[in-house]
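Contents: one structure, followed by commentary.
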Amino acid sequence: MSHNTFGHLFRFTTWGESHGPAIGCVVDGCPPGLELSEADIQPFMDARKPGTSRFVTQRKEPDEVKILSGIFEGRTTGTPISLLIENKDQRSKDYSEIKTRYRPGHADFTYDAKYGIRDYRGGGRSSARETASRVAAGAIARKIIGSNIQIRGAVIQIGTSMIDGDNWDWKQVSQNPFWCPDAATAKDWENYLDETRKSGNSIGAIVEVHAEGVPAGWGEPVYGKLDSDIANGLMSINAAKGVEIGAGFASAAYTGVENADEIRMTDGKPQFLTNNSGGILGGISNGDTIIARMAIKPTSSILTEVRSINAQGDEIDVRTKGRHDPCVGIRAVPVAEAMLACVLADHKLRHRGQTGR
């Protein structure tokens with residue numbers, strides 16, 4: 001049970017390592033007849049790729065995706081879709097010093113403990129490089145859920161600096177390198193991350209993703225709840241350490257009255273006056289915007305020496321050379337969007353299979 005596959009009716013299996021010749025995925029369960037080409041996938045790959053600003057890793061990867069199967073005359077055939085993304089800018093020598101050393105906070109120790117062997121070059125399979133394959137799969141998932149559903153994400157906190165929610169402007173997300181919806185906070189983050197990067201350290205972040213236009217009724221209780229599958233998808237992303245839906249942990253301090261998303265009728269349709277539920281009740285979508293947040297820990301590969309051990313059990317100090325994100329949460333936004341799209345595509349197909357609509 002290698003667990004390299006995600007989903008039920010809409011499924012994808014990722015493969016490849018950070019410093020191997022290529023990475024990619026196989027998407028299965030995509031309905032036939034959908035228009036699909038590399039051009040539909042590439043914009044999402046470009047949004048995630050490294051080297052786009054001084055605030056992310058300077059590894060230069062074009063991340064050009066190639067479709068190898070499952071498409072005929074520009075349309076999906078219903079058969080597995082194989083996607084290839086070549087690695088172009090590996091620098092494996094940067095990792096020679098940690099060949100037998102474990103980076104604290106990274107998966108080095110646990111991969112060695114589980115398999116008895118690990119690819120130390122960039123973290124191998126545990127590297128965030130793997131998420132490029134998820135983004136490619138997410139682009140196909142968006143085709144399945146349709147253009148009426150809009151998925152978008154933003155970084156709402158870096159370290160201790162949080163945005164002002166009253167200044168939220170989706171247009172700002174594409175106007176700065178942080179995916180930040182608050183223009184004023186984005187300017188503050190420039191100095192914050194410059195100082196973090198120059199000090200040889202890293203910092204964590206919180207990413208928020210929305211899905212607007214999801215109809216009421218998607219979700220499979222009791223053990224296939226939509227929110228539990230969203231949490232599963234987001235928690236599977238590298239460096240994710242926590243997920244909440246809607247009000248999340250804050251709801252523990254609410255009263256029943258405060259937490260209640262009261263309902264009224266507007267133009268003959270139910271309208272929720274608040275959205276503490278994050279668009280999901282009883283594991284089933286209620287038609288409101290689905291909102292999820294994901295906490296991303298600081299990048300484990302840092303230039304500052306920290307205490308650790310090596311494979312022989314010796315106590316050592318370790319630091320990591322190479323090109324790394326001072327805040328990996330910045331590039332997690334397209335990945336979170338992709339995983340949300342994949343979950344929704346899966347649940348759309350499951351809902352149709354169960355109810356016929």
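Regarding the range 168-191, can at least one residue be identified that is within 16 Å of the chain's Cα centre (by Cα), within 30 Å of SER308 (Cβ to Cβ) and of a type outside the set (Val, Ile, Thr)? Within the range 168-191, none of the residues are within 16 Å of the chain's Cα centre (by Cα), within 30 Å of SER308 (Cβ to Cβ) and of a type outside the set (Val, Ile, Thr).
Among LYS297, LYS348, which is the only one that is among the basic types (Lys, Arg) and surrounded by 20 or more Cβ atoms within 10 Å (Cβ to Cβ)?
Values: LYS297 fails: surrounded by 20 or more Cβ atoms within 10 Å (Cβ to Cβ).
Going through LYS297, LYS348 in turn, the sole match is LYS348.
Sub-8 Å Cβ pairs linking a first residue in the range 114-130 that is on the phi < 0 side of the Ramachandran plot and modelled with pLDDT of 90 or more to a second residue that is β-branched (Val, Ile, Thr) and open to solvent by less than 30 Å² (accessible area, probe 1.4 Å), at least 6 apart or interchain, are GLU130/THR14; GLU130/ILE23, ordered by first then second residue. Tell me, yes or no, whether the range 24-36 has at least one residue that is open to solvent by less than 40 Å² (accessible area, probe 1.4 Å), modelled with pLDDT of 95 or more, touching a Phe, Trp or Tyr at 6+ places or on another chain (Cβ under 8 Å) and not in a strand (DSSP E or B). So far as the range 24-36 goes, yes, one or more of its residues are open to solvent by less than 40 Å² (accessible area, probe 1.4 Å), modelled with pLDDT of 95 or more, touching a Phe, Trp or Tyr at 6+ places or on another chain (Cβ under 8 Å) and not in a strand (DSSP E or B). In the range 133-149, the count of residues that are open to solvent by 20 Å² or more (accessible area, probe 1.4 Å), in a helix (DSSP H, G or I) and either without any contact (Cβ under 8 Å) to a residue 24 or more places away in the chain or hydrophobic (A, V, I, L, M, F, W, C) (or both) is zero.
Tally up the residues in the range 288-319 that are touching a residue at least 40 places away in the same chain (Cβ under 8 Å) and closer than 28 Å to MET162 by Cβ, please. Explain how you work it out, then say what you get.
Step one: list which residues in the range 288-319 are touching a residue at least 40 places away in the same chain (Cβ under 8 Å), which gives 289-304, 306-312, 316, 318-319.
With closer than 28 Å to MET162 by Cβ added as a condition, the list becomes 289-304, 306.
Qualifying residue count, the range 288-319: 17.
Does TYR102 satisfy the criteria of being out of contact with any Cys (no Cβ under 7 Å at 6 or more places or on another chain), buried (at least 19 other Cβ atoms within 10 Å of the Cβ), in contact (Cβ under 8 Å) with a residue 24 or more places away in the chain and hydroxyl-bearing (Ser, Thr, Tyr)? Walk me through it before giving the result.
Numbers: out of contact with any Cys (no Cβ under 7 Å at 6 or more places or on another chain): yes; buried (at least 19 other Cβ atoms within 10 Å of the Cβ): yes; in contact (Cβ under 8 Å) with a residue 24 or more places away in the chain: yes; hydroxyl-bearing (Ser, Thr, Tyr): yes.
Criteria met by TYR102.
Would you point out the residue of the range 240-271, among those that are over 27 Å from ALA332 (Cβ atoms) and touching a strand residue (DSSP E or B) at 6+ places or on another chain (Cβ under 6 Å), that is least open to solvent (accessible area, probe 1.4 Å)? By that ranking, first place goes to ASP261.
The values are calculated or read from the model by the stated rules, or taken from the named source; none is laboratory data. Computed from a prediction, not measured in an experiment: that's the story for all the values here. Positions of Cβ are generated from backbone atoms using ideal geometry, with glycine treated the same way; all protein chains shown enter the neighbour counts. For accessibility, only protein heavy atoms count, side chains too; no ligands or nucleic acids. Shrake-Rupley method; radii C 1.70, N 1.55, O 1.52, S 1.80 Å.
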